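Following: one structure in structure tokens, then a few remarks.
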Amino acid sequence: MSFEIKKEYIGQTIEDLDFDSRILAGVVFEDCVFKNCNFKDCNLSTSRMIDCKFHSCDLSNISVVSGSFRGLEFHSCKLIGIQWSTTKSFGSVSFHQSNLAYSSFIGLKIKKTTFEECNLRETDFSDADLSESEFEGSDLLGSFFSETVLLKTNFTGAENFEIDPTKNLIKGAKFSVNGALSLLNKFGVIVS
């Protein structure tokens with residue numbers, strides 16, 4: 001299907017389009033729904049995506065430098081290797097059953113973000129504020145937390161995470177029993 005790129009898309013539903021490696025810099029997407037679209041390796045620098053929903057889309061390795069991404073919902077999407085920390089504005093975003101492996105959220109203030117049943121392997125959350133966020137059922141193997149604010153963050157059912165309670169703010173965070181025991185790893189404590 002041929003698709004002519006416009007500067008602005010408002011209130012549209014876009015299905016089964018392949019934007020692979022296209023330059024979409026400066027394009028505005030507002031109140032749009034994307035289904036089964038491929039944005040892999042696209043340049044979305046300086047673009048704005050506001051109040052959009054993505055279902056079964058591939059956005060792996062997109063460039064988001066100086067872009068604005070707010071009010072987004074991702075369901076069953078691939079978002080591998082995205083450097084979200086390079087955005088101009090990022091927030092009010094939720095991820096459900098999506099793959100965000102090898103991504104970076106360094107230094108972002110993203111309170112109340114939902115990461116539900118997501119693959120977050122090797123993802124960097126250093127210096128981020130994730131207060132009141134949800135990681136329920138997510139896989140955090142190799143993810144990095146350093147100087148991260150995790151106040152009242154829910155890790156119930158999350159697995160494979162290593163969080164050093166001496167290097168992160170975790171007051172009021174929720175953990176399952178096994179998750180809470182993993183917080184003792186740094187101290188060499190053996191629980192039997």
Query raised in the report: What does the charge count near Phe144 come to, summing +1 for each Lys or Arg and -1 for each Asp or Glu among other residues with Cβ under 12 Å from its Cβ?
Result: -4
**Report entry** Which of Ile14, Ile163 has the fewest Cβ neighbours within 10 Å, and the rest in rising order
**Finding:** Ile14, Ile163
Report summary line: Around Asn38 (Cβ within 11 Å, Cβ-to-Cβ, excluding Asn38; K/R +1, D/E -1) the net charge comes to -2
Query raised in the report: So what is the calculated 222 nm ellipticity per residue for the chain, using -39500 (n - 2.57) for each DSSP H run with n of 4 or more, over all residues, to the nearest 500 deg cm²/dmol?
Result: -500 deg cm²/dmol
Report summary line: Share (percent) of C-alpha pair distances in region 100-187 greater than 23 Å works out to 7
Query raised in the report: Spin-label point model (7 Å from Cα, Cβ direction): what's the Thr46 to Glu116 distance in nm?
Result: 3.7
Query raised in the report: Counting Lys +1, Arg +1, Asp -1, Glu -1, what net charge surrounds Phe155 among other residues with beta carbon under 10 Å of its beta carbon?
Result: -2
Query raised in the report: From a point 7 Å beyond the Cα of Ser146 in the direction of its Cβ, which residues of region 108-140 have a backbone N at a distance under 17 Å?
Result: 108, 122-129
Requested in this report: Of the listed pairs Lys109/Lys152; Lys7/Lys111; Lys7/Lys112; Lys78/Lys152; Lys109/Lys171, which have alpha-carbon separations greater than 25 Å here?
Outcome: Lys7/Lys111; Lys7/Lys112; Lys78/Lys152
Report summary line: Checking rank on 169-175, 20-26, with mean other Cβ inside 10 Å and highest first, the result is 169-175, 20-26
Query raised in the report: P(r) tail for the chain, what percent of Cα pairs lie past 31 Å?
Result: 20
Query - Inter-probe distance in nm under a simple model that places probes 7 Å from Cα toward Cβ, at Asp18 and His75 - result: 2.6
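A short reminder: the numbers here are calculations on the coordinates, not readings from a lab. As the structure is a prediction and not an experimental result, all values here were calculated from the model. Methodologically, a virtual Cβ is constructed for each residue, glycine included, from the backbone with ideal geometry; neighbour enumeration extends over all protein chains shown.
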